[in-house]
Amino acid sequence: MADEIAKRYAAAQTIAREAGALGLRYFNSFDTLTIESKSHQDFVSEADKNVETLVRAAIAAAFPEDAIVGEEDAPTRGTSGFTWVIDPIDGTTNFIHGIPQWCVAIAIVQNAQTVVGVIHDAVHDECNHAMRGAGAFCNDKPIRVLQGRPLTNGSLGVGFSGRTRASGNVITLIDLITRAGGVFWRNGSGALSLAYVAQGKLLGYVEEHMNAWDCLAGQLMIAEAGGKVERQDADEMIKNGGRVVVATAELFDEVQDLANKSYTS
């Protein structure tokens, strides 16, 4: 089974790079894209749809018995026990406005655990990737979360989406972070923010609700880079999404406490 995971790990990196290359071609002419609004502050472009089509076709060709769950199209059933969870372009609002903060996110789940995660930042040619038990990397370089940093010496990523806009919880969280002497940071791409935690650019990341295709890859990456991740069942996340709390090992308890105090409803 380890060989089966390793084959998919290599393929996921290749597919993410190919998807990123297609996305980058669209991004370089972002002002000509056809864009639709799915809901409040939730957009989809022709790039999202066509990149997801490319990813799905590549997976189906290489691993026809694997299941696929993606943001834009209906799930595809599988029989192998492996499920690919994909976001063709995470950070679509950035993408359609020419802001270079977006990525392709791919996770592979087996037995309710994420076993492979890839987050490819095509603009900066940074392919972040991890396989369970094998460490985390940016391209060929091993990556680690920050070490020995208090909350007052770095930035904490905070996510916010239209799914939770009626809640004032994010305002509470930001208030608590600033009162504790910290700095909050948001870039509009949850998956890329999680990669930044794994790379040692952010102290951690908190979001009230994320979909599986936005968070599973990054959560594995952070764990493999020495960070801590709030325990979750990957299959349950695929069904319903959920809260995400990740941080450096030293700060995890403090960051989780901030989330517990903020997300009260």
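The values are calculated or read from the model by the stated rules, or taken from the named source; none is laboratory data. Computed from a predicted structure; not experimentally measured. As a convention, Cβ positions derive from the backbone with ideal geometry for all residues, glycine included, and neighbour counts pool all protein chains shown.
What tally of residues in the range 110-125 results from selecting those that are surrounded by 18 or more Cβ atoms within 10 Å (Cβ to Cβ) and either part of a strand (DSSP E or B) or not assigned by TED's automatic domain parsing to the domain that holds E18 (or both)?
Residues that pass the stated criteria total 9.
Working carefully through the options G188, G182, G168, find the one that is surrounded by fewer than 21 Cβ atoms within 10 Å (Cβ to Cβ), free of Cβ contacts under 8 Å to residues at least 60 places away in the same chain and either within 21 Å of H120 (Cα to Cα) or not basic (K, R) (or both).
None of the other options fit; the residue is G168.
Counting just the residues of the range 191-223 that are of a type in the set (D, E, K, R) and crowded, with 24+ Cβ neighbours inside 10 Å, which one comes out nearest to H97 (Cα to Cα)?
D214
Any residue at all in the range 219-241 that's of a type in the set (K, R) and outside any strand (DSSP E or B)?
Yes, the range 219-241 contains a residue that is of a type in the set (K, R) and outside any strand (DSSP E or B).
Given the criterion farther than 30 Å from I5 by Cα and modelled with pLDDT of 95 or more, identify the matching residue among G157, G133.
Just a single option satisfies the conditions, and that option is G157.
When the residues of the range 39-86 are narrowed to those that are of a type in the set (D, E, K, R), at pLDDT 95 or above and under 21 Å from the mean Cα position of the chain (by Cα), which ends up farthest from K7 (Cα to Cα)?
R56
Given the conditions (1) surrounded by fewer than 24 Cβ atoms within 10 Å (Cβ to Cβ); (2) touching a residue at least 12 places away in the same chain (Cβ under 8 Å); (3) within 18 Å of the chain's Cα centre (by Cα), which single one is not true for F137?
Failing condition for F137: (2).
Condition first: surrounded by 18 or more Cβ atoms within 10 Å (Cβ to Cβ), more than 19 Å from A11 (Cα to Cα) and out of contact with any Cys (no Cβ under 9 Å at 6 or more places or on another chain). Now tell me which residues in the range 74-92 satisfy that.
T92 - this is the single residue of the range 74-92 that is surrounded by 18 or more Cβ atoms within 10 Å (Cβ to Cβ), more than 19 Å from A11 (Cα to Cα) and out of contact with any Cys (no Cβ under 9 Å at 6 or more places or on another chain).
With touching a Pro at 6+ places or on another chain (Cβ under 8 Å) and farther than 20 Å from G204 by Cα as the only criterion, which of G81, G70 stands out?
G70
With G148, G98, G154 as the choices, which residue is in contact with a Leu (Cβ under 6 Å, 6 or more places away or on another chain) and not charged (D, E, K, R)?
On inspection, the qualifying residue turns out to be G154.
Would you point out which residue out of N169, N211 is of a type outside the set (A, V, I, L, M), under 30 Å from Q110 (Cα atoms) and not assigned by TED's automatic domain parsing to the domain that holds A10?
Going through N169, N211 in turn, just one is of a type outside the set (A, V, I, L, M), under 30 Å from Q110 (Cα atoms) and not assigned by TED's automatic domain parsing to the domain that holds A10: N211.
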